[in-house]
Amino acid sequence: MAKKDSFVLYTEQKAVINKLSDEQAGKLIKAIYEYVETGEMPELDNVLDLVITPFKTVLDKDKAKYEEVS
């Protein structure tokens, strides 16, 4: 199976990102890319560690669905 080279962020997740500072949002997006590419969760501060949890849940669910269909 070819390596998956994309992922989806959903528009309802924007409300969470909008509550973060630009610096926090940038770190969150970079952490999401790191998680998707490596499967490893980067070290985050307490706030971002809490915030990324629902993103990770959706990413994991979408990945499982992709693998099931592929």
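Of the residues making up the stretch 33-70, those that are open to solvent by less than 50 Å² (accessible area, probe 1.4 Å) and among the β-branched types (Val, Ile, Thr) are Val51, Ile52, Val58. Test Lys30 against the criterion of being open to solvent by 80 Å² or more (accessible area, probe 1.4 Å) and at pLDDT below 95, and give yes or no. No; evaluated as a whole, the condition is false for this residue. Are any of the residues in the stretch 45-53 out of contact with any His (no Cβ under 8 Å at 6 or more places or on another chain) and not in a helix (DSSP H, G or I)? Yes - at least one qualifying residue is present in the stretch 45-53. Among the residues making up the stretch 1-27, those that are farther than 16 Å from Asp60 by Cα, assigned to a helix (DSSP H, G or I) and open to solvent by less than 80 Å² (accessible area, probe 1.4 Å) are Ala15, Val16, Ile17, Gln24, Ala25, Gly26.
For the stretch 46-58, name all the residues that are in contact with a helix residue (DSSP H, G or I) (Cβ under 8 Å, 6 or more places away or on another chain) and under 18 Å from Gly26 (Cβ atoms).
Pass one, the stretch 46-58, residues in contact with a helix residue (DSSP H, G or I) (Cβ under 8 Å, 6 or more places away or on another chain): 47-48, 51-52, 54-56, 58.
Those that are in contact with a helix residue (DSSP H, G or I) (Cβ under 8 Å, 6 or more places away or on another chain) and under 18 Å from Gly26 (Cβ atoms): Val47, Leu48, Val51, Ile52, Phe55, Lys56.
The values are calculated or read from the model by the stated rules, or taken from the named source; none is laboratory data. Keep in mind that this is a model prediction, so the values were computed, not measured. Please note: Cβ atoms are built from the backbone with ideal geometry, for glycine as well, and neighbour counts cover all protein chains shown. The protein model used for the area step is the full one, side chains on, heavy atoms only, and it has no ligands, DNA or RNA in it. Shrake-Rupley method; radii C 1.70, N 1.55, O 1.52, S 1.80 Å.
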